[in-house]
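Here's the structure, in structure tokens; my notes come after.
The values are calculated or read from the model by the stated rules, or taken from the named source; none is laboratory data. Small disclaimer: the values here were computed from a predicted structure and weren't measured. A quick note on method: Cβ atoms are made from the backbone with ideal geometry, for glycine too, and the neighbour counts reach across all protein chains shown. All accessible areas refer to the heavy atoms of the entire protein, side chains included, with ligands and DNA or RNA removed. Shrake-Rupley method; radii C 1.70, N 1.55, O 1.52, S 1.80 Å.
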Amino acid sequence: MKLYKMALATVLITAFGAIKTVAQVNTVDSVATSKVQHFNFDTMKSETIGEGIQRKWFHGEKGQMTIFNLEKGAHIAWHKHPNEQITYIMSGKVKIKTIIDGKEQFVDVGAGEVIVFPENVPHEFWALEKTVDLDVHVPVRKDWLSKEVPDYLNKSK
């Protein structure tokens, strides 16, 4: 019983600490420098950035979100960037070449699945069917801010 009470006390102390931390984070002072933004992907204009590749994207201060619409057969060439990339396949299916455990490997990623690329890990995509891909990059991709299409997309065929 003594061990049970000690465990319960530890849980309560931890929970109180978490509640206190949340309360500190939610103060007006902590968000005074942030700018709230609101976007609607449904009304956003797509841009064609390669053969069979369209994207809609926006960014905040520290990260960005992109929806790619890929036609079957679309290809995003081998590339890497200094950003973590989280890819969620909303519909469709892609084949991805990347480095896993130090070796080039291929992975099929389908609807409802997620793959995470750490910064500077090369990857390449082929759309096996019509696909909608939601990507999050952190930090913001500086190469996209210039409005220029990244060089690796010019190689996508």
If ligands, DNA and RNA are left out, what is the accessible area of HIS59 with a 1.4 Å probe, given in Å² to the nearest 10?
70
Determine the sum of side-chain charges near VAL94: Lys and Arg each +1, Asp and Glu each -1, restricted to other residues whose C-beta is under 9 angstrom from that of VAL94.
-1
Stokes-Einstein at 25 °C, 0.890 mPa s, Kirkwood radius from Cα pairs: D for segment 88-135 in µm² s⁻¹?
224
Holding the Cα-Cα limit at 32 Å, pick out from LYS35/LYS56; LYS56/LYS80; LYS35/LYS72; LYS35/LYS93 the pairs that are longer than that.
LYS35/LYS72; LYS35/LYS93
Put TRP78, TRP57 in order of accessible area, largest first, probe 1.4 Å, and you get TRP78, TRP57
Based on the alpha-carbon gyration tensor of segment 53-140 and its eigenvalue square roots a ≥ b ≥ c, which shape applies: rounded if a/c is under 1.5, prolate if not and a/b is larger than b/c, or oblate?
oblate
Estimated inter-spin distance, LYS35 and ILE99, nm [label 7 Å along Cα→Cβ]:
3.6
Sorted by accessible area with a 1.4 angstrom probe, largest first, how do HIS81, HIS38 fall?
HIS38, HIS81
Ignoring ligands, DNA and RNA, how do PHE39, PHE117 rank by accessible area with a 1.4 Å probe, largest first?
PHE39, PHE117
